[in-house]
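Scroll down for the structure; my scribbles are underneath it.
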Amino acid sequence: MFAYYLRLSLQSFRRNPGLTALMVMAIALGISVCMVTLTSYRAAARIPLPHKIEMLFAPNVDSWDPANPYDQDKATNAPDLQTYRDARGLYASTIPDRKLIMFKAGGVLSGGMNMAPEYVSARMTTGDFFPMFETPFLYGNAWDAKADAGPEPVVVLSKETNQKAFGGANSVGKTLLWHDREFRVVGVLDHWEPAPKFYDVSNGSFDDPEQIYVPVTWGQIMELGSDGNTNCWKTEDIKSYQDFMNSECIWFESWVELRSPAKVSAYRKFLDDYVIDQKSKGRFPRPLNNHLYNIEGWMQRNQVVGTDNKAMLIMAFAFLAVCLVNTVGLLLAKFLNAAPIAGVRRALGASRRDIFWQHLTESGVIAVAGGIAGGLLGVAGVWALRAWYGRFVQDLERSLPTDYGTFAIAVGISLAAGIIAGLYPAWRIGRAAPASYLKVQ
Amino acid sequence: MGLRPIFSSLMRNGAGALLVAIQIALTLAIVVNAVFVTKQRVSHIGRPSGLDDQNQFALPVTGFEKDFDFFAMIRADMAMLRQMPGIVDAAPINQIPLSGGGSSTQFYSLPDKKGEKSPVAYYGTDEHAVKTLGVKLDDGKNFTATDVDYRPKDAQGFPGTAVVTRVFAEALFPKEKDNLVGKTFYDDQSKPVVIAGIMEQMHGAWVGWDKVDRVMLTPVVGPGPGIRYLVRTEPGKLDAMMAAVEVALRKRDPNRVVGKLRSVQNFKQSSYASDSLMAVTLAVVTGLVLTFSALGIFGLATFNVNTRTRQIGTRRAVGARKRDIVSYFMAENWMVTTLGVVVGCGLALAGGYWLSNQFGLPRLDLYFLVGGVAGLWVLGQLAAWQPALRAAKVSPAMATRSV
Amino acid sequence: MLSMKNVSKVFRTDLIETHALRDFSLEVKAGEFLAVTGPSGSGKTTFLNIAGLLEPYETGSYKLDDVEVTDLSDDARSHLRNQKIGFIFQSFNLMPDLNVYDNVDVPLRYRRMKFAERDKRIINALEIVGLGARMKHHPAQLSGGQQQRVAIARAIAGDPKLVLADEPTGNLDSLMARQVLDLLERINEMGTTIIMVTHDPELARRAHRNVQVVDGQISDFKPYESHAPTAGLTPVPHDRVSTPAGA
């Protein structure tokens, strides 16, 4: 029967192409607006490394100003970065299965085969960064704990940097100059562009990943400042880099991998113990306010999905609602107009349910057509937005991707919406007694 | 004219009318809020930045060899840039206004962190900054070449003189608005800075910050090895000069890194991108929603007329004039529109309230609501006008025709 | 076949109550060809609607083919209608966007028949009405008489026990009307009960039996003679022109 209803629907469309086109277009417009806003929402809301969501955590401790909370809008938030001393202090814990501390620096890289000297961004971090965030390696691998401790002058290159410096060849063992110092390549990453850049959202959720990775202790040796965020609340006499390291300025980020709930509790206790101990030394004037965020919580705390994203999504769905109300009205008008024919079918033996399903199928076909048209329109819209804004916003491939998942969702929403929209009109047309349509036409 | 019979007839054939009322209600709610937010964003984007931001570009430069003479590089680059035809002026600067990246700190009107306080975005630069930025000094004067501290090492504290925006100065000295030049403010170490000049207006790094217009130009450059250059061109020469400057800088000294050139306009558009996107999306949605509502009303009115030709004919046959028919349908439409508008008002207010609570958007201005109600009413009546006219043309003979 | 006892049907609006049928009783035997006549407004159409299970009634009982219909659900009535009854309307009521084949197909679809079975019946029905060559045509391309013949084919494709015809020749000229009547007679000879509502006395004469409905009831007045069914053609007092398909 379904195939029969499909055929009848198509004939009905052919009889009234203008009205059909209007209905499809109404749904398509609503769906396309939803699709564009959904695309940017989903890109921001994507949870990277979902299988590790109960394993990776970012600790926050509140070393901030007793007079003012760190976050004026949400006083319960602790600072998202740590001081050098606290980063080292947290790193000292033996509880985590893996751990890292890091900051973002920059400097001129030179010495590659064909490469003109270039200012590159560097992630100063520990060797566990790579297994923790599951970075893919093209050549070589991460450095080990011994290299961290040394520190050994080793470096991991991004694929693009390796391309520029060594033409993409296996450069493990070769050396480069960074800040005029020799570093030996131990690994080259494969293409890796996590979006959102969850581990450094305070700088930019969709920023480029760094171009090289260096053991964090070199930052101290080479006295590198942070190219990322640095925040200080306390009046301190900072005359040297050493003073800076000892200050209350926050510029480090920490992550830990805890593979069991027991370890999570143990680490939480460790955080509390650490802060209490620091308080006894005169630091941490604010009340105890430690947090341990998993990736999802971290992204929420940092509002990766911004209020604009959410507001636009709401608007889009409100608009879709208007489109649907419109469609219900059009369907009602169309079906009631065709009521005499339905009356004849009833006389010929169709039950109310047959008429209902026939017309619901028709609504469904319109809905699917509208959904596909809307999805394609949405893809075109995303493409157009990328082309327009891409002239001055750098990261749009990641924040406005061509998202086939969203396309499928859009068609699904449309089908559901169209069927809901068609329920009342299809029911209405089945309800009238067939006799009333047969004599008086 | 008897609205009650119209009302009871509407009640009996309610579904279509109800749908239109719902559509009008939703339209009002959406359009009022969307237009309001759009206007907000457009004003936000349209604020004057105080800079000549259509004619400026910036680039980072870094030296890298050991014993690289950073200041010599700056002197040589600046000398070359400043005499290139087409360039108004150029200055070394730590960060670029409107770019989203910058530094800020807190100052006090009295030592020991006492008195009034205000945060400010600061730009370490030389005496050419005022002309390069294109800001207007409406009191006092710029700092001089001798004021500029070319710092070889990262020292703390600011030089003792600065050029600041009026808003920042007034925040520190609210009672002395006519007498700001020469006033002294203090950092958190009680180190003093004297106001040499007042800028009428200038925007700093973060356009989303409510204190974006609190800016300080401070005469300090260094310690390197990297710095940014801000260049101001004559009107119409931006693209040409960007290309020429890149070539000239690389040629003058190939042993340092000349980074990516980017216009200040580009930075500005990037900073305002999300506001712009929001405004565009809302404008598109508003236009579409209004179109749909008009079409929906038109469609229902037409449908109404088509299904009731016998009724119309009968009315005419018993004495109604053409304009009685028109007023009947317009009255019917008016009832539906009114119902929709009333419900829509409630929805618009509720929606505006919820949006401002959830998302920190400002509270809906009632002007917009009134405008929306009036506009939608007019739209509703206009859309039903043509179908009503068609109804009037129905022949009285329709009363007797049976098919 | 059809047995109505004391059926009454009331139409109610806010102000008026109309008794379309009151205490209506009628027996029709299987294989009969019955004409129902009466002035307009007498209730004949209401009777036909009730007989066709298109409308419910207030009181009384109606047995169709020995099945009591009064308390059946809408689904059950549709099913019964589908299996046992064929309809022919005054204004043909063909589906304008379907071709002849698909039009005849409609009631068979609601019987959930498989394609092979449906195809066989459609072709057969169209042969009987003489329109086998016009299967792909659309109603707009056919004359009034041809359209009614398609409607007849549609009515008989499912082998119904009862055919209800509502002024089947009302919209046709006399030539086409005769053809349609011939067809009805042939169908009746094949064993189908036919109840035909008409206000044309000429037409009524060709049925075996006449009843008259006046004010919602069967009237005793029987002005026309009835003919008993005989094998072969029923003799009629005027010329018969038999024409091949197409007119």
Report summary line: Sole miss for B:HIS203 among (1) part of a loop (DSSP other than H, G, I, E, B); (2) at pLDDT below 95 is condition (2)
Query raised in the report: Out of the residues in segment A:118-144 that are part of a loop (DSSP other than H, G, I, E, B) and small (Gly, Ala, Ser), which is surrounded by the fewest Cβ atoms within 10 Å (Cβ to Cβ)?
Result: A:ALA142
Report task. Identify the single condition in (1) charged (D, E, K, R); (2) surrounded by fewer than 22 Cβ atoms within 10 Å (Cβ to Cβ); (3) out of contact with any Lys or Arg (no Cβ under 7 Å at 6 or more places or on another chain) that C:LYS44 does not satisfy, given that it satisfies every other one. Result -> (2)
Query raised in the report: When residues of segment B:123-150 are filtered for being surrounded by 23 or more Cβ atoms within 10 Å (Cβ to Cβ) and outside any loop (DSSP other than H, G, I, E, B), how many remain?
Result: 6
Requested in this report: Could you pull out the residue among C:GLY43, C:GLY38 that is in contact with a strand residue (DSSP E or B) (Cβ under 7 Å, 6 or more places away or on another chain), more than 24 Å from C:ASP71 (Cβ to Cβ) and touching a residue at least 12 places away in the same chain (Cβ under 8 Å)?
Outcome: C:GLY38
Report summary line: Here the residues within segment A:199-254 that are closer than 25 Å to A:PHE166 by Cβ and either among the polar types (S, T, N, Q) or part of a loop (DSSP other than H, G, I, E, B) (or both) are A:ASP207, A:ASP208, A:PRO209, A:GLU210, A:GLN211, A:VAL216, A:MET222, A:LEU224, A:ASP227
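Conditions (1) under 17 Å from B:LEU249 (Cβ atoms); (2) not aromatic (Phe, Trp, Tyr), marked per residue:
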residue: B:PHE64; (1), (2): yes, no
residue: B:ALA79; (1), (2): yes, yes
residue: B:VAL88; (1), (2): no, yes
residue: B:TYR108; (1), (2): no, no
residue: B:LYS117; (1), (2): no, yes
Query raised in the report: Is it the case that some residue within segment A:304-314 is more than 28 Å from A:ASP200 (Cβ to Cβ) and within 14 Å of another protein chain (Cβ to nearest Cβ)?
Result: yes
Report summary line: Taking segment A:201-236 and keeping residues at pLDDT below 80 and more than 26 Å from A:GLU296 (Cα to Cα) leaves A:THR235
Query raised in the report: Residue check: is C:PHE47 of a type outside the set (S, T, N, Q) and more than 14 Å from chain A (Cβ to nearest Cβ)?
Result: no
Report summary line: Being within 30 Å of B:ARG310 (Cβ to Cβ), within 14 Å of chain A (Cβ to nearest Cβ), more than 33 Å from the chain's Cα centre (by Cα) and at pLDDT 85 or above narrows B:ALA331, B:ALA383 down to just B:ALA383
Requested in this report: Filter segment C:78-97 down to residues that are surrounded by fewer than 20 Cβ atoms within 10 Å (Cβ to Cβ) and out of contact with any Pro (no Cβ under 8 Å at 6 or more places or on another chain) and give me whichever is farthest from the other protein chains (Cβ to nearest Cβ).
Outcome: C:LEU80
Query - Failed item, numbered, when C:LEU26 is tested on (1) within 10 Å of chain A (Cβ to nearest Cβ); (2) touching a residue at least 60 places away in the same chain (Cβ under 8 Å); (3) buried (at least 18 other Cβ atoms within 10 Å of the Cβ) - result: (1)
Query - Only listed residue being without any contact (Cβ under 8 Å) to a residue 40 or more places away in the chain, assigned by TED's automatic domain parsing to the domain that holds A:THR135 and either among the small types (Gly, Ala, Ser) or surrounded by fewer than 17 Cβ atoms within 10 Å (Cβ to Cβ) (or both), chosen from A:ASP243, A:ASP208 - result: A:ASP243
Requested in this report: Scan segment A:287-320 residue by residue and report those that are surrounded by fewer than 20 Cβ atoms within 10 Å (Cβ to Cβ) and among the aromatic types (Phe, Trp, Tyr).
Outcome: A:TYR293, A:PHE317
Query raised in the report: With respect to B:ALA320, is the statement that it is more than 14 Å from chain A (Cβ to nearest Cβ), surrounded by 21 or more Cβ atoms within 10 Å (Cβ to Cβ), more than 41 Å from the chain's Cα centre (by Cα) and not basic (Lys, Arg) true?
Result: no
Query raised in the report: Which one of these does C:ASP182 not meet: (1) of a type outside the set (Ser, Thr, Tyr); (2) part of a loop (DSSP other than H, G, I, E, B); (3) modelled with pLDDT of 85 or more?
Result: (2)
Report summary line: Filter segment C:29-44 for residues that are among the aliphatic types (A, V, I, L, M) and not in a loop (DSSP other than H, G, I, E, B); the one that is nearest to the other protein chains (Cβ to nearest Cβ) is C:VAL36
Report task. Please enumerate the residues belonging to segment B:125-158 that are within 14 Å of chain A (Cβ to nearest Cβ) and of a type in the set (Gly, Ala, Ser). Result -> B:ALA155, B:GLY157
Requested in this report: Kindly indicate which of A:GLU362, A:GLU397 is over 30 Å from B:LYS260 (Cβ atoms) and either facing another protein chain (nearest Cβ under 10 Å) or acidic (Asp, Glu) (or both).
Outcome: A:GLU362
Query raised in the report: Can you pull out the helices (runs of 4 or more DSSP H) entirely within segment A:1-117 that have at least 3 residues that are over 30 Å from B:ALA283 (Cβ atoms)?
Result: A:2-15, A:84-91
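Restricting attention to segment B:250-304, report how many residues are more than 23 Å from the chain's Cα centre (by Cα), buried (at least 20 other Cβ atoms within 10 Å of the Cβ) and either part of a strand (DSSP E or B) or more than 9 Å from chain A (Cβ to nearest Cβ) (or both).
Count: 6.
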**Report entry** Wholly within segment A:329-441, helices (runs of 4 or more DSSP H) carrying at least 2 residues that are at pLDDT 85 or above and surrounded by 16 or more Cβ atoms within 10 Å (Cβ to Cβ)
**Finding:** A:339-347, A:352-389, A:404-431
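Results for (1) among the hydrophobic types (A, V, I, L, M, F, W, C); (2) on the phi < 0 side of the Ramachandran plot; (3) out of contact with any helix residue (DSSP H, G or I) (no Cβ under 6 Å at 6 or more places or on another chain), shown as yes or no for each residue.
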site	(1), (2), (3)
C:ASP102	no, yes, yes
C:VAL106	yes, yes, yes
C:ARG112	no, no, yes
C:ILE128	yes, yes, yes
C:LYS136	no, yes, yes
C:ALA140	yes, yes, yes
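The values are calculated or read from the model by the stated rules, or taken from the named source; none is laboratory data. Because the structure is a prediction, the values reported are computed rather than measured. Note that we place each Cβ from the backbone using ideal geometry, even for glycine, and neighbour counts take in every protein chain shown.
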